[in-house]
1. Out of the residues in region B:126-141 that are surrounded by 14 or more Cβ atoms within 10 Å (Cβ to Cβ) and more than 12 Å from every other protein chain (Cβ to nearest Cβ), state the one that is farthest from A:Leu619 (Cα to Cα).
2. Kindly indicate which of A:Phe101, A:Phe138 is open to solvent by 60 Å² or more (accessible area, probe 1.4 Å), of a type in the set (Phe, Trp, Tyr) and either closer than 20 Å to A:Ile543 by Cβ or away from chain B (no Cβ under 14 Å) (or both).
3. Just for strands (runs of 3 or more DSSP E) wholly inside region B:20-103: which have at least 3 residues that are within 11 Å of ligand 1 (Cβ to nearest atom) and either surrounded by fewer than 23 Cβ atoms within 10 Å (Cβ to Cβ) or away from chain A (no Cβ under 11 Å) (or both)?
4. Mind listing whichever residues of region A:607-622 are open to solvent by less than 60 Å² (accessible area, probe 1.4 Å) and either farther than 21 Å from B:Thr49 by Cα or within 7 Å of another protein chain (Cβ to nearest Cβ) (or both)?
5. Which condition does B:Gly310 not pass, out of (1) within 29 Å of B:Ser44 (Cβ to Cβ); (2) surrounded by 12 or more Cβ atoms within 10 Å (Cβ to Cβ); (3) out of contact with any helix residue (DSSP H, G or I) (no Cβ under 6 Å at 6 or more places or on another chain), if it passes all the others?
6. Against the condition surrounded by fewer than 22 Cβ atoms within 10 Å (Cβ to Cβ), hydrophobic (A, V, I, L, M, F, W, C) and outside any helix (DSSP H, G or I), how does A:Leu216 come out, does it pass?
7. Return the only residue of A:Phe631, A:Phe596 being under 20 Å from the mean Cα position of the chain (by Cα) and either in a loop (DSSP other than H, G, I, E, B) or touching a residue at least 12 places away in the same chain (Cβ under 8 Å) (or both).
8. Look through region B:28-44, keep the residues that are within 16 Å of ligand 2 (Cβ to nearest atom) and hydroxyl-bearing (Ser, Thr, Tyr), and return whichever of them is modelled with the highest pLDDT.
Amino acid sequence: MRRSVVLWLAVGWVGLAVLPWYAIEDGFWNFAWLDGYPVDGDFAPALLQGLGHGRWWLLPVCLALAAPVGILGRRKTDPWFAAVLLMAGGFGLAYTLAQGFAIGIRGWEFEALESTFGELGDRQFGMGYGAVLVFGAFLFFLTEGIAARGAIKGDVFVVGSIGLVIALVAAFIFFPITRILISAVQDNDENFAPALFFTKLFSGDIWGLECLTANLSCGVAWNSLFMAILVGAGTTAMGLAFALIATRTGFRAKKLLRVLTVLPIITPPFVIGLAVILLFGRSGAVSTFLEWAFAIEPSRWIYGLPGIWLAQMLAFTPIAFLVLIGVVEGISPAMEEAAITLRADTWRTFVTVSLPLMRPGLANAFLLGFIESLADFGNPMVLGGDYDVLSIEIFFAIVGAQHDQSRAAVLAIVLLAFTLSAFYAQRRWLGRKSYATISGKGDSGLHMHLPRRLKILSYGTALPWAALTAVIYCTIMFGGFVESWGRDHGFTLRHYLEAFSVTTGAHGLVWSGAAWNSFWTTLEIAAISAPLTAGVGLLTAYILVRQRFVGKDAFEFGTMLSFAIPGTVIGIGYILAFNVPPIEITGTGVILVICFVFRNMPVGVRAGIAAMSQIDQSLDEASLTLGARSFTTLRKVVLPLLRPAIVAALVFSFVRAMTAISAVIFLVSANYDMATSYILGRVENSDFGLAIAYSSVLILVMLCAIVLIQVAVGQRRLGRRGAQQFGLEGSTG
Amino acid sequence: MMAGSTAASVRFQDVVKAFGEVVAVRDLSFTIEPGSLVTLLGPSGCGKTTTLRLIAGLEMSTSGKILIGEREVTKLPASERDVSMVFQSYALFPHMTVLENVAYGLSVSGMPKAEAHAKAEQQLALVGLKGFGARLPSELSGGQQQRVAVARALILEPQVLLFDEPLSNLDAKLRRHVRQEICELQQSLGLTTVYVTHDQEEALAVSDRIIVMRNAEIAQTGTPHELYEEPADLFVADFIGDANVVTGEIKALDGALAVVDIGGVERRLPHRGLPPGEVDVAIRPEAIHLSRERVDNSLSGTVSKATYLGSHLEYSVETPLGELFVIDHRVDGFAPPGTTVSVVMADRGVTLVESG
Ligand SMILES: Nc1ncnc2c1ncn2[C@@H]1O[C@H](COP(=O)(O)OP(=O)(O)O)[C@@H](O)[C@H]1O
Ligand SMILES: [Mg+2]
């Protein structure tokens, strides 16, 4: 008898006969439903729904869940064992999904069904606890059946994990994207309207080129593309300057350069935009100074292309630096030394040898900057002015006065096409190289120093830029203590008090500050989603690195895809997909957690892949031959060796959950407001003081959290072999 | 402590393993007797490791049957087979101490920690590493790590013990020593052992039987003696000890012997079922004697290269049959290049093989 089958049978039956089948209105963790349970029609489990509430369509689910009981006594090698599990799992999944999509809040969802079966006279809501458990049971019956057929060395745990990851990615990445595609070819009353789709797709406000001929603005697609190219080129050049200084000069303060690269990662992206306003806006510090000193009239020049570009450059240069420093360091000094012994001077060596060797790194950095710029939402939001870009247009198509879902969907498709093409180009040209680690062979020799003119050029661009970054961060840190920026520069704690005051009331402490609500929600959501992200990410990495199976490439593509999907696109996809049954979770905290987990999953996967490729596979195999199952092996051998990757994944997903804005802005609700969206709201009301105070608190909290996670997970103990450090890289937005 | 009674036979029946297009093992059939040490020998890439991993359950066969003892294990995963393996890289868990490493197999099968550690101590003592339990693997020398890997594999008293090129990470001096230790341990425990190597000398030294593999298939199976004296074909002849391959002609058959003409020299050799006509002759380098005097029934040749190697001399000799490689253990009779010599073939070490 297989214990796992018994386990999933039990789970399935609890889901079917004990827990409420439908989602509970008041949230996942609310237990008020225990009151009317189990007879109340809203709270009854599926079995009672089917028998007592006229929801007969739920009864076949029970049948599929009963079938595996018959094979409990059989052996794994018995062909019936696999056959019954495959059929029960496959049918159960298909049927449960089909009934969920076929019957919604208005009864039958499709007219064809209505005309065949007649009016239903009943309806159903989104699925809840019960349904989740039953789904799990069916999924694992299916995978256990597949494993019993001998797939992946008959490993139940691995097949189950693959099944789980596929199901999750399908539900929370592919389903929302599909919903966008469907929405795009529908009008706003959900009628199929392909002609409208083409009108919208090729409309002038997306692709117009008026800016070339007249003093009008171009289409949003061109705006976005133009901006992305400028930012990609700019960040690459700047990143290269920093990387050259860090590796090929005697520059003293190299540590400081590293710090400057970490800061933007823990900064919500639009906070940089905010600081840019505080410096260069109409009443900004620099503008005021220029007016006072040179009588230059302050203007709104910063709003639009210059402002967005400046802010994105500041935010994304560190990413280019992180990519390029690896490449620049990786070039074997022997190559340069060879060129020099062949009588090339340093300049010619650099141009003919070093630079061509860096080409893949440069392309990589450019594409990352390009993708980040396209996906960025926060900076165009605060600095956009009249310069419309895709991510912003999508947002206003949904929340603005137009409320044009299908236009938002069309814009989302355009944006997605851009980022996917760039992502594809990146993977196509350089893809796998980014995982390869530098070989352990000690390349002796030193990197040559930069030729003079290049050195001057690098210092000339990088140092002022570093200074500007420093000024920006000073602005962020001190901005919160200033009475009213640009007008009254007196010291005040007013903003901090307004946001974070605590008073003592009749029942102890009262968190009376305006920011507490969103602050605690953000912490809670980030703290819940970080371990989940790390878990899903590392599990996927384990599957990708350690297992061979048919369709692995497609699997990898699916799990890495969300890296290339801009947050705005995910946001609208989630709204379209999860606003209605069968998965009805908008307005809850669950949707935020899920959104973070699947948006940040690629980071966990990459950290895991990098770390796991360095652990010799024979370690796993030794454990297997010693009688440990793959789950035990994962727990006792692989995970302890993965500590640095776990830290990286936890830190990164925590930080990104706290700084993200683009997807979040669609998904927050009155009950679940997030810090970033709250701050953005304040910025829109020109309440800069509170916004900047709150932002600096967030940055400090993240710094503390990083230290805390490091301490909690701890170091690997490997004796003489030192623990490797993993660089943090990835995107914001 | 561990009786030979746990040893089991290993049987392959038409086993195929393909990785996509690449066939790593083709129609492999063999039986390994309980308690014997069998070596898989062959050049790199011929499928030895794959065969070993098929026994361990780390690879699943594409088709065919695998039996350990009387039980079919074809579809059983590694963790459910009673087989242990010593890996080429040792695969010691770097985050566990030596003792934890050795006790691992027992503790994951649910034995209480104290008991598992006590047994692991005993096992460590058995391989001569008493008192090293608290160290981390990285704090041991290569040879010691190897012994820990063996101790860890032995603790579950497996039916079959597998070694994948266990000596390849050791320096030349240590190799001979560890080789001996493995042999002694295997004999005293009476374990069925499968040993992979690409080094023919190592294979000849340790094996009860050798399975020579070539291109995913078995080229020949036999005792070291059989393989050396009666190689089935040129490949085996050349792989097990070097061989000079020259062309001869079978003139006539005479009972079990054939009358063979080798470059004008007539010899009587076992014909091994070969028909009259052209034939390949494998001549071991040690089976050739050089003489400065003229000898009857010999070839004449000229030394083209001579190398002094301390224990023996190596010559290249130009003859009408082509260049021959010769090993001469009479170190004092050094013949410098240019010397004209008579080339005499010994009675043993000259074998007819099917021309391939
Ligand atoms: N995981 C794998 N994927 C694809 N081909 C493999 C894999 N493992 C081994 N092979 C191929 O199978 C053949 C035999 O390999 P192997 O058994 O490791 O050889 P040996 O151990 O004799 O050197 C080689 O051609 C090798 O390239
Ligand atoms: Mg091998």
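The values are calculated or read from the model by the stated rules, or taken from the named source; none is laboratory data. Keep in mind that this is a model prediction, so the values were computed, not measured. Virtual Cβ from ideal backbone geometry, glycine too; neighbours counted across all protein chains shown. These accessible areas exclude ligands, DNA and RNA; they are computed on the full protein's heavy atoms, side chains included. Shrake-Rupley method; radii C 1.70, N 1.55, O 1.52, S 1.80 Å.
1. Applying the first criterion (surrounded by 14 or more Cβ atoms within 10 Å (Cβ to Cβ)) to region B:126-141 yields B:126-127, B:129, B:132-133, B:135-137, B:139-140.
Adding the requirement that they be more than 12 Å from every other protein chain (Cβ to nearest Cβ) leaves B:126-127, B:129, B:132-133.
Details: B:Leu126: 23, B:Val127: 21, B:Leu129: 21, B:Phe132: 21, B:Gly133: 19 Å.
By that ranking, first place goes to B:Leu126.
2. Residue meeting the stated conditions: A:Phe101.
3. Numbers: elements: B:22-32, B:37-41, B:63-68, B:83-86.
Output list reads B:22-32.
4. Step one: of region A:607-622, the residues open to solvent by less than 60 Å² (accessible area, probe 1.4 Å) are A:607-612, A:615, A:618-622.
Result: A:Ala607, A:Gly608, A:Ile609, A:Ala610, A:Ala611, A:Met612, A:Ser618, A:Leu619, A:Glu621, A:Ala622.
5. Exception for B:Gly310: condition (2).
6. Numbers: surrounded by fewer than 22 Cβ atoms within 10 Å (Cβ to Cβ): yes; hydrophobic (A, V, I, L, M, F, W, C): yes; outside any helix (DSSP H, G or I): yes.
Answer is yes for this residue.
7. Numbers: A:Phe631 fails: under 20 Å from the mean Cα position of the chain (by Cα).
So the residue among A:Phe631, A:Phe596 that is under 20 Å from the mean Cα position of the chain (by Cα) and either in a loop (DSSP other than H, G, I, E, B) or touching a residue at least 12 places away in the same chain (Cβ under 8 Å) (or both) is A:Phe596.
8. B:Thr39
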